[in-house]
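Just below is one structure, and these are the notes that go with it.
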Amino acid sequence: MLVFMGCGGGKKQDDAGAVASYKDRQLTKEMLRNYLPKGLPVEDSSRVSKAFVQQWLEEQAIMDEALSNYKDLAEEVEHKVQDYKAKLIMHGYQNRLIAESLDKNVSKKEIVAFYEANKDNFISSEKLYNYFYIVTNKSDVALVADWMRSGNPQDIVKLKEWAKENAIESKVDSNYVNESKIEFVSKGYYGNLQKTAPGKLIRWNGVIRGEKRYYLFKMIQVVEAGEPLTIELCRDKIVDLILNERKVSLIEKNEEKILKNAHTNNYIHEY
């Protein structure tokens, strides 16, 4: 991208605005500001700017040499750029379509129907753990602990909202994880979280890079290999799967409509 952004010819700009040039191409102060990372500390700005200018000059010289030796290289690259541009536009369009048109409401009836139709996919092939886990640098977590202890759905909603805003790390969904995941969570704890009784809240503190951290953990359920996963504790996973199916369907139907319209309007021809 850097090669193309600075290689246009045409009328030269005012020399006062240029920080470097190669033949008839100029790197201006405005272009340089756009390339540099936002919020760069003043003390680093000069060093990074100089490094970028050197990189830009090297790119111009190498690109010039490459195009002089391989005349077809520019056309080859242009085809790739156009293809990449088309894919980026399609991806951005799909994301906006999903954000604006996807129905994200999943009913209990749909969840039950999906679970019943896919029961074989909700049987554990290994020992799995479902738990809540929060790491935060906020010292006042008494209310958070109460929400985590509670089985009230409204308290769980509050817990998820709080974790979203305040947790450094968290797991507050109903998904199951394997042994390696819970072993990672156990680092820094003096006991064995895998053997924690379901429903019991565990709290401990630690220090990471000089910052105090507060940990909360509650085991919800342990499932042995071969045991079924209950629908209640699969809810989040099922919702994700249903929404993913809707996304795929929405995109496919939209693409079918666009292609149909293109054929109807005689825009498409194959030779």
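Some points to look at:
- Residue 113 surrounded by 11 or more Cβ atoms within 10 Å (Cβ to Cβ), farther than 30 Å from residue 214 by Cα, at pLDDT 95 or above and of a type in the set (Gly, Ala, Ser): yes
- Any hit, the stretch 54-68, residues being surrounded by fewer than 10 Cβ atoms within 10 Å (Cβ to Cβ) and farther than 30 Å from residue 29 by Cβ: no
- Evaluating residue 123 against the criteria (1) closer than 28 Å to residue 241 by Cα; (2) β-branched (Val, Ile, Thr); (3) out of contact with any Leu (no Cβ under 6 Å at 6 or more places or on another chain); (4) modelled with pLDDT of 90 or more leaves one unmet condition, (4).
- Hits in the stretch 158-197 - residues which are modelled with pLDDT of 90 or more, outside any loop (DSSP other than H, G, I, E, B) and surrounded by 12 or more Cβ atoms within 10 Å (Cβ to Cβ): 158, 159, 160, 161, 162, 163, 166, 167, 168, 169, 170, 171
- In the stretch 198-224, the qualifying residues are those that are small (Gly, Ala, Ser) and at pLDDT below 90, and the one that is surrounded by the fewest Cβ atoms within 10 Å (Cβ to Cβ) is 210.
- Residues of the stretch 76-95 include none that is at pLDDT below 90, of a type outside the set (D, E, K, R), surrounded by 10 or more Cβ atoms within 10 Å (Cβ to Cβ) and in a helix (DSSP H, G or I).
The values are calculated or read from the model by the stated rules, or taken from the named source; none is laboratory data. Here the structure is a predicted model, which means the values were calculated and not measured. Cβ atoms come from the backbone with ideal geometry, glycine included; neighbour counts cover every protein chain shown.
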